[in-house]
Amino acid sequence: MCKLTVKLGIGLPLVLALLVHGFVDQTHECVARPAVPSTRTTPGRALAAAVRPPYHGIIGESPQMAEIFARIDKVAVGDVNVCIHGESGTGKELIARAIHYASPRRNRPLITLDCTTIPEGLMESHLFGHVRGAFTGATEHREGVFALAHTGSLFIDELGELSPRLQAKLLRVIQTREFSKVGGTKPIRTDIRLITATNKDLKAAVAQGTFREDLYYRVAVFMIKVPALRERPEDIPHLVDHFLRRFAGLYGKHITKVTPATLERMLTQPWPGNIRQLENFLEQAVVLAEGDSLTERDLFAGDFSSVAGPALSGLFEAGLPLSEVERRHILRTLHKALGNRTEAARLLQISVRCLQYKLKAYGRDVAAMAGPDLGLVPSQQSLRG
């Protein structure tokens, strides 16, 4: 019985009736609410649901992540250039996508360019496009990311990998909002929101002479520093919950909990590969697990430090039928493609129609399993080599 009912000497049913008819307001504190379950995993028990939905698909309840969410909210409303700094695997791309989808440009293109995946000789063409005959092999016109992202957002990942020559060209485009295709002479106007990311200390690179100081001040108007996973261990139970549910569904396992010793060890690990490494470990553990809970043997099989890349161990063990190997590979590729079947078909080098046929044959809701590595957010257009 709440304080209001005690003071008035009336019962809860009457209070509810008054609320329904609008005679009582400002009484939300009196209405009993179901307790919100904690998201921290209780050792040996089923993983709990998150306290709140992921922020634009980003999972985190720590103070550091709350501060980042607040900074995203503030910067998303305008067009100021944003630079995201953090170690590999911390989710910089998810933050870039959150900025885009929280901005007025949310219904326009989001184009991603990863500077680590494109050879130096082709980078200028990927940035600005080229005309036919501009160089050997240029048999047709091609649009660059600045044209593809027009009216939307352009996310340049690992900006610190750009050569000094291309840094100068990028600076000019930012200053003039114009560019020319490789081999072309006509200036082209561009209207984009520029978001960049790097795992390098750009200030140190400026001091060393490997990154232009004027470009640094252009791209880093607003900085967002992403903490390493070891700096926010309180988020690990939430991430474990998210990935466990995803991979249990992906591989048809009925795993609902982790053992106390397993969770305790996960909380104390340094995770040099950050969230990506945690994800890979959990995928491997789900594949290896035989019961309804994850154990240390499942999660830490083999050398811990050797599994910072994609977790392939156990996915294609000897003796699997080829059809099962194909099924697992297709589902994993769809997961990598963020649920985008066109992109998954491109990676698999098959037609979209063929992919749809195979997914239908599996008889499962693969769309519910698909999504980006670190959470669920709207799909994006990307350009990666």
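Remarks
- Within region 211-263, the set of residues being in contact with a Gly (Cβ under 8 Å, 6 or more places away or on another chain) and hydroxyl-bearing (Ser, Thr, Tyr) comprises Thr259 only.
- When Thr185 is tested against the conditions (1) over 27 Å from Ile224 (Cα atoms); (2) open to solvent by less than 80 Å² (accessible area, probe 1.4 Å); (3) not in a helix (DSSP H, G or I), the lone failure is (2).
- Test for Asp191: is it at pLDDT 95 or above, in a helix (DSSP H, G or I) and of a type in the set (Asp, Glu): no
- Residue in region 333-351 that is farthest from Arg97 (Cα to Cα), counting only those that are in a helix (DSSP H, G or I) and open to solvent by less than 50 Å² (accessible area, probe 1.4 Å): Leu348
- When Ile59 is tested against (1) at pLDDT 95 or above; (2) open to solvent by less than 50 Å² (accessible area, probe 1.4 Å), just one condition goes unmet, and that condition is (1).
- Summed over region 73-110, residues that are surrounded by 21 or more Cβ atoms within 10 Å (Cβ to Cβ), aliphatic (A, V, I, L, M) and under 21 Å from Asp235 (Cβ atoms) total 6.
- Selection of region 129-161 for residues being closer than 26 Å to Leu202 by Cβ and open to solvent by less than 10 Å² (accessible area, probe 1.4 Å) yields Gly144, Val145, Phe146, Ala149, Gly152, Ser153, Leu154, Phe155, Ile156, Leu159.
The values are calculated or read from the model by the stated rules, or taken from the named source; none is laboratory data. Not measured: the values here are computed from a predicted model. As a convention, Cβ positions derive from the backbone with ideal geometry for all residues, glycine included, and neighbour counts pool all protein chains shown. When the accessible area is computed, the model is the full protein with side chains, heavy atoms only, and any ligands, DNA or RNA have been set aside. Shrake-Rupley method; radii C 1.70, N 1.55, O 1.52, S 1.80 Å.
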